[in-house]
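Colleague: This is the structure I want to talk about, given as C-alpha cells.
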Amino acid sequence: MPPKQGGQDQDKKPSQRRRRGGKKHPKPDRAASPPPAAPAPAPKEKAPPCARGGRTNPPKKTDPALEEDSDVLLAFGALLKTGDAAACAAHARYEAHEDQARFIEDARRLLAMSAGGRAAPRAPPPGMAPPPPPGMPGSPRRAAAPAAPHPRSTSPRRPPGLPPGLAPPPPSVDHFPPGLAALALEVHSEAAPPPGLRPTATDDQDVAAALSALIGGPAPEPAKPKFKWVPPRVHKRRGGRVAFSAPDNTKGPLRPRARLDVSWELKVDAEGAVGTRRDVSVGLFRVGAPTNDAAIVAKQGRGAVEEVGLARGTVAFFAPRAAGAFVFRLLDPEPPGRQQISKMERPKASSNVYATSDKLDVIVRTHDDLLDSLKASLQQLEEPGRSRLGALQQLAVVAETLPASLAPKRQTHIGGRAGSTAEKRCRDKLRACLARCLDELAKHVPGPLTLATRRRADELPFHEDETETDVLKRERAWSVLSEEDEQSARDAFEVERVTKIKKQRNEDRRARDVHAACRRLCAAFNGNSASRQWLESAAPEQARRLDDVSTRWDALLEEFWPGGADGVAALRRHYDRADSFFRPTHQPSAQQHGFAWRALDDACARVLPQLFPGDAFFKRREEVRRRVEACLNNADVLGNGQRLVLRVFGSSANLFGAEGADLDMCVVPAEKTDKDLTSPEVCRRMGEALEQAGAKNVQVRDTARVPIVLFEDPATGLDCDVSTHNPLALRNTELLRAYAKVDGRVRGMAYVIKKWAKIRGINSPSDGTLSSYGYILCVLAFLQTVPQPPILPSLQRLDLDWPNPKDPNREPPARMPHPFDPSRDVCLAFHDPDKLGSLKDLREIAGRNRQSLGELLALFFRHYAWDVDYRNLVVAPRTACVLPKANKAELDCWPQNPHLAIEDPFETHYNVAHVLKYDKHQKIRKEFMRASKLVDDAAAQRIDPDLALDYICEPLPQEE
Ligand code: GTP
Ligand code: MG
C-alpha cells in the first residue's frame, strides 16, 4: 500500500534522499539509542568510534585537572543562574582571559562560600568525561546551542522497541558527558513538583534547554509547532444578514461609483449585552478576498435594537471605481479612527464574518467609467505596496465585460483616429496600463522566449550547480572536522540549501502568478471584440507582445486557450510540443469515435469481471474486522471495560472495492459513552494493543485530522487502518454505495478509473495526488452533469419522499454539529433509494441514457482533460450542477487557483482535492489528456482500438 507506508523520502531518488539526509554514510544515531535506565554516570569507556568511511575520529584532548573539576563547573552554572554577583564577576573574568585553571579555582572558592548552595560539588563519578569550561568547544553552552533545522533533528525521536504512546522515556542524555547528564536530570527533578518523581524531559532538546538555561547560555530555539492551517476568516452563523440596494432600485450590475445603501441586521444577546454586537462594521471586498484585512472600504455600522434580540442598521456606500465582482461582509466593529491609521500599523482585522451579501457586479458603461477603472488599475500598478496581481485581474475583468457600445471609433484617416477626449484619455491610460503589465512580466518572467524551456524550481535537483567533484570536495573537507563540527557544518549547509530552494520556489510561484494573470488579460482582450479593438487601437505593439507571451510558458495553464484551429496551429508553431497537450478542435461524434468507443466498451467488459470482488473478498474482510475488534476490546482501549464496535467504511463497504484494496475501519461505541472517541489517546492505545497482538508495520498517526492507526494484518497480509470515531466517513460510504446501486455503469466507470489512476501513479494522497474517494466523486459529478440525459441525480438534493412528495412545504433536513469542528455544522441527509424503495424509479431514469460504458469513459477523460473550467468551477456531486469557485472562496476560504477542487458531499467546507499542489494538478491533468488523446488516436486508427484501454492503463516506466 504505497501511500501509507513510509514517508515521502521513500519516493525520492536515492541521490536526493542522500543529500537531504546530509550524509553519504550515516553515522549511528546515538540519540536514537535506548535511554539509560537511570541517570547514572556512563561507564568508563570511550564513545565508540563513528563509522565514517573507515575513518575514526582522533581522540579529543582532555585536561586532567578539568576532569576532576567538572562538577564544580556544573555547580557553578547553578550559582550563576541565581544571579550571584561574585559568580557573575568570575564568569566575566573567564570570558575575558579564558584562564581555565584560575576560573576553576574561583569557582571552587565561590561555591564553598555559598553556604547551603544546592549545587555543591560532589565527587566526580569514575570515568566521567570532562566538559570544557563555558564558551569552549564542546562546552555545555555549545551542546545546548540551538540545533539548526536539520531534517533528522526536528522531529522528536522515539527509542526503538518501545511501543508508541507509552509513558515518556527518561531523558536521553547519553550523548552528554555524564556530569552534564546528571545535572540535566537534576534540573528536571527540581522542576518536577513532587520530590522523588522521575524527571519528565522528553527529548534531548528539553535537556539541552534545561542545561542552557542553567548556565545562562543562549536558549535553543523552541521546536516549531506543526503548522496547522486555520481559516483567516470564519463565517459565524448568527442569523445575520447584509444586503445592498441602489437608491433608484436598479437591479443587475451597477456602474463604478454608483451610490448604494447597505442594510444589515444581526441577532444580539438577550441579557442586555446587546451592545456587544450593536456596533458592527460593514466591509466591501472583492469576492473571495482571503482575509478581512483587504477591505476596499470598511465603515462603522451603527445600529439600533428595534426588536428584542435583533439589531439593525444602514450604511451608505459607493460602488468601487474599478469593475469586478464584490461582496459586503458584516464584521466585528473596527477600532475607531482605524481608517486614518496606515495599513502597516493597523491591527489585524477580525476574522469573524457574521453575514455576506449577494454578489455586487460592477461593470463599466461609459467612457468616463472606463477611464475611472483604468486610472484605478494604473494607480494600483504604480503605487508601492499594492497588489500588482490584483490590478492585472482587475484589468482583465474590465476587458471581459466591456460592452460593445464602448468600442473605439473606427479609424478615419491614416495615422489619425476619431473619438471624444474621453476616448483619447482612455487610450492613453490603457497604453500606460499595458506597459506596466509588460514591465511586471519582464521583472518576474525571464523573457518570453525562455518561458517554454524554463524549468520549474520545484523540479530542480538540489544543488544542481554543484558538480560531483564539488560534492566530493565538500565531503572531504568535512571529514577532517571533529564529529561535532562536522554536524554543525552539515546543519549550516542544510539551512542554506533549504533557504535557497525556498527562495527559488517563491520566485517561481510569483512568476507563474504574474504570467497567469497576463494570460487571463490576453484571453479577456481576445474574447471581447470591443476590448480587442481598444487594444489594437491603443497599443498594437503591446498587444502583439502580450499575445506572444500568452502562447508560451506552459500550454497546460487554463487561463488562456486560443479558440479554433488557427489558435491551436499558432500554439503548435510557437510551442513545438507533443500534440497531446493541445485541445482537440472537434467534438467527438458517434460517427468518428463510435468504433473506438465500442472497442473500449469491449475491453471494459473483459477487464471488469476480474476487478469485481467475489464473496470471499467480503468474508475475509469481515473475519479480519472481527479479530481486530476482539483484540481492541480485550486490550480495553476505551478504558473502564467499555466495549467498542468496529465498522468498515471505504472501498470494502462502498461497492467500489477491488482485491488488494486496504481495509478501512473506524471505532463506534457499543453503548452510550461520554468518552471522546476521536481523541489521539484512543488512537495511541489502539496502536499499542495491535502491536502487542502481533500486527505488523504499525504506524500511529495520532495528530491527523482523524487519528488513525495503520497496520498489516499478520494472518491475511491485508493492509488495514483503524481510525477513531469517524461518522462522516461512514456516512459518505453509505452515500457512495447508494449511487453505486443506481446504475451498473457507475461501478464500471469507477473501477476502471481507480485502476487507471493507481497504475498511472496519480492515486496517492501522501504523495500529493488524489485519493480514490476523490476520483469516485469526480465520476459521480460527471455522470450527473455530462451525459445527456444524466445518469445520476444528486441524492442529496432529491427529496426524501421522491417520487411521491407529500408535503411541498416541509422543512429542509436538519443540520447537526460537525463531529470534530464545533464551529461548523453538517447535513447528513440524503435520499437512499434502497431504503426508501425508489431504486426502480431511479434505474428507469438512468436507463433512458443509452451511452455505453466505453463512450462514457472516453467522455470522462475528455471532460476532465479539456472541458472543466478548473479556475472557476468546483466538482460537487452534492449539487449535480456547476458550483462557482468564487462561492467557495468567499464562504470557505478556498484558494481561487486553477487546481482541481472537489467539494466533499457532507463537509462542504472541505476540499477533497486540497492536497493537490500546482505540479500534481498538472500531472493529473496531463494523465487525463493522455488518456483522451489515446481514445482520439484509436478513433483515427493511429493505434489499435482494441488495445486502447491497455495503452491507457499502461504502467509507468520504472524509475531508476
Ligand atoms: P481504495 O482503498 O483505494 O480502494 O479506495 P477507498 O474507496 O477506500 O478510498 P480511500 O482509501 O481514498 O478512502 C476511504 C474512505 O475514507 C472513503 O470512502 C471516505 O469515506 C474516506 N475519505 C477518504 N478521503 C477522504 C476525504 O478527503 N474526506 C473525507 N471526508 N473522507 C475521506
Ligand atoms: Mg481504502
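The values are calculated or read from the model by the stated rules, or taken from the named source; none is laboratory data. A quick note: this is a predicted structure, and the numbers were derived from the prediction, not measured. Counting neighbours? That spans all protein chains shown, and the Cβs are built from the backbone with ideal geometry, glycine included. To get the accessible areas, we keep the full protein, side chains included, count just its heavy atoms, and leave off ligands, DNA and RNA. Shrake-Rupley method; radii C 1.70, N 1.55, O 1.52, S 1.80 Å.
Colleague: Using each residue's phi in the range 642-657, evaluate 6.51 cos²θ - 1.76 cosθ + 1.60 at θ = phi - 60° and report the 3J(HN,Hα) Karplus result to the nearest Hz, with x for Gly and Pro.
Modeller: Running phi through 6.51 cos²θ - 1.76 cosθ + 1.60 with θ = phi - 60° gives 5, 8, 10, 10, 9, 10, 8, 9, x, 5, 6, 10, 9, 6, 10, x Hz.
Colleague: Moving on. May I ask you to give the average projected area over all directions of the convex hull of the Cα atoms of the range 881-950, in nm² rounded to one decimal?
Modeller: Values: hull surface 25.9 nm².
Spelled out: convex hull of the Cα atoms, projected over all directions, averaged, 6.5 nm².
Colleague: Sticking with this one: Accessible area of PHE318, 1.4 Å probe, to the nearest 10 Å²?
Modeller: Accessible surface of PHE318 is approximately 120 Å².
Colleague: Semi-axes of the range 657-746's equivalent ellipsoid from the Cα gyration tensor, sqrt of 5 times each eigenvalue, largest first, rounded to whole Å?
Modeller: Values: eigenvalues 129, 73, 21 Å².
They are 25, 19, 10 Å, listed from largest to smallest.
Colleague: I need the semi-axes of the equivalent ellipsoid of the range 694-761: take the C-alpha gyration tensor, multiply each eigenvalue by 5, square-root it, list largest first in whole angstrom.
Modeller: Working: eigenvalues 150, 63, 29 Å².
Over the Cα atoms of the range 694-761, the semi-axes work out to 27, 18, 12 Å.
Colleague: Turning to a different aspect of this structure: Given H placed 1.01 Å from N in the peptide plane, which residues other than close sequence neighbours of ASP332 have an amide H under 5 Å from its amide H?
Modeller: Correct list: SER281, ASN352.
Colleague: Using a probe radius of 1.4 Å on heavy atoms only, what accessible surface per residue do you get for the range 891-960? Whole Å² is fine. All intermediate terms of the calculation are to be shown ahead of the outcome.
Modeller: On the way: 3100 Å² over 70 residues.
Heavy-atom accessible area per residue stands at 44 Å².
Colleague: Over the range 756-798, how many percent of alpha carbon pairs lie in each 10 Å bin up to the one with the longest distance?
Modeller: Here the calculated profile for the range 756-798 is 27, 39, 26, 7.
Colleague: At 1.4 Å probe radius, can you tell me the per residue accessible area of the range 731-855 in Å²? Mind dumping the intermediate values first?
Modeller: On the way: 5540 Å² over 125 residues.
Solvent-accessible surface per residue comes out at 44 Å².
Colleague: With only alpha-carbon atoms in the gyration tensor, what are the semi-axes of the equivalent ellipsoid for the range 830-960, in Å, largest first? Intermediate results must be reported in sequence, preceding the final value.
Modeller: Values: eigenvalues 167, 126, 34 Å².
Working from the Cα gyration tensor, I get semi-axes of 29, 25, 13 Å.
Colleague: Follow-up question, since we're still on this one. In whole Å, largest first, what are the principal axis extents of the Cα atoms in the range 730-792?
Modeller: Principal axes ranked by extent give 36, 27, 17 Å for the Cα atoms.
Colleague: Run the 1.4 Å probe and let me know the accessible area of TYR870, rounded to the nearest 10 Å².
Modeller: Accessible area, nearest 10 Å²: 10 Å².
Colleague: Note down the nm distance, to one decimal, between modelled labels 7 Å out along Cα→Cβ at GLU623 and at GLN504.
Modeller: 5.2
Colleague: Rank these residues by their accessible area, most exposed first, probe 1.4 Å: TYR739, TYR951. All intermediate terms of the calculation are to be shown ahead of the outcome.
Modeller: Working: TYR739 0, TYR951 85 Å².
Ranking TYR739, TYR951 by accessible area, largest first, yields TYR951, TYR739.
Colleague: Report GLU382's accessible area, 1.4 Å probe, all protein chains in place, as a number in Å² to the nearest 10.
Modeller: Ignoring ligands and nucleic acids, GLU382 comes out at about 90 Å².
Colleague: With a 1.4 Å probe and all protein chains left in place, how much of the accessible area of the range 707-843 comes from carbon and sulfur atoms, in whole percent? Please list the in-between numbers first.
Modeller: Working: 2900 of 5370 Å².
The nonpolar share, carbon plus sulfur, comes to 54 percent.
Colleague: Keeping all protein chains in place and using 1.4 angstrom, which order do GLU541, GLU423, GLU475 fall into by accessible surface area, from largest down? Mind dumping the intermediate values first?
Modeller: Numbers: GLU541 100, GLU423 0, GLU475 40 Å².
My answer, sorted largest first, is GLU541, GLU475, GLU423.
Colleague: Dipole size in debye (nearest 20) for the range 761-863 around its Cα centre, Lys and Arg Cβ +1, Asp and Glu Cβ -1? Mind dumping the intermediate values first?
Modeller: Numbers: 11 positive and 12 negative charges, 55 e Å.
I would put it at about 260 debye.
Colleague: I've got another one for you. What base-10 log of the normalised intensity I(q)/I(0) is obtained for the range 615-715 from the Debye formula, alpha carbons as equal point scatterers, at q = 0.12 Å⁻¹?
Modeller: Debye output, listed in q order: -0.38.
Colleague: Please state, rounded to one decimal and in Å, the Kirkwood hydrodynamic radius that the range 749-863 gives when every pair of distinct Cα atoms enters the mean of 1/r.
Modeller: On the way: mean 1/r = 0.0598 Å⁻¹.
After inverting the pairwise mean of 1/r, the radius is 16.7 Å.
Colleague: Just by accessible area at a 1.4 angstrom probe, what is the order of GLU659, GLU536 from largest to smallest?
Modeller: Numbers: GLU659 110, GLU536 90 Å².
Final ranking, largest accessible area leading: GLU659, GLU536.
Colleague: Residue by residue through the range 861-869, which ³J(HN,Hα) values in whole Hz follow from phi under the Karplus form 6.51 cos²θ - 1.76 cosθ + 1.60 (θ = phi - 60°), with glycine and proline marked x?
Modeller: Ordered by residue, 3J(HN,Hα) equals 4, 5, 4, 7, 6, 10, 9, 6, 8 Hz.
Colleague: Could I ask something else about it? I need the peptides 505-511, 519-525 ranked by packing, meaning the mean over residues of other C-beta atoms within 10 angstrom, with the highest value on top. Kindly include the intermediate steps, with their values, before the conclusion.
Modeller: Numbers: 505-511: 15.1, 519-525: 24.3.
Ranking the peptides 505-511, 519-525 by packing returns 519-525, 505-511.
Colleague: Roughly how large, in nm² to one decimal, is the mean projection of the convex hull of the alpha-carbon atoms in the range 911-960? Show your work: numbers first, answer last.
Modeller: On the way: hull surface 19.6 nm².
For the range 911-960, averaging the hull's shadow over all directions gives 4.9 nm².
Colleague: Calculate, for ASP799 and ASP821, the FRET efficiency according to 1/(1 + (r/R0)^6) with r their C-beta to C-beta distance and R0 25 Å; round to the nearest 0.05. If you can, show how the numbers build up before the last one.
Modeller: Numbers: r = 28 Å, r/R0 = 1.13.
Step by step, r from the Cβ atoms, then E = 0.35.
Colleague: For the range 245-258, take each phi angle, set θ = phi - 60°, evaluate the Karplus expression 6.51 cos²θ - 1.76 cosθ + 1.60, and give the result in whole Hz per residue in order, putting x for glycine and proline.
Modeller: These are the phi-based 3J(HN,Hα) values: 8, 7, x, 8, 6, 4, 9, x, x, 10, 8, x, 6, 5 Hz.
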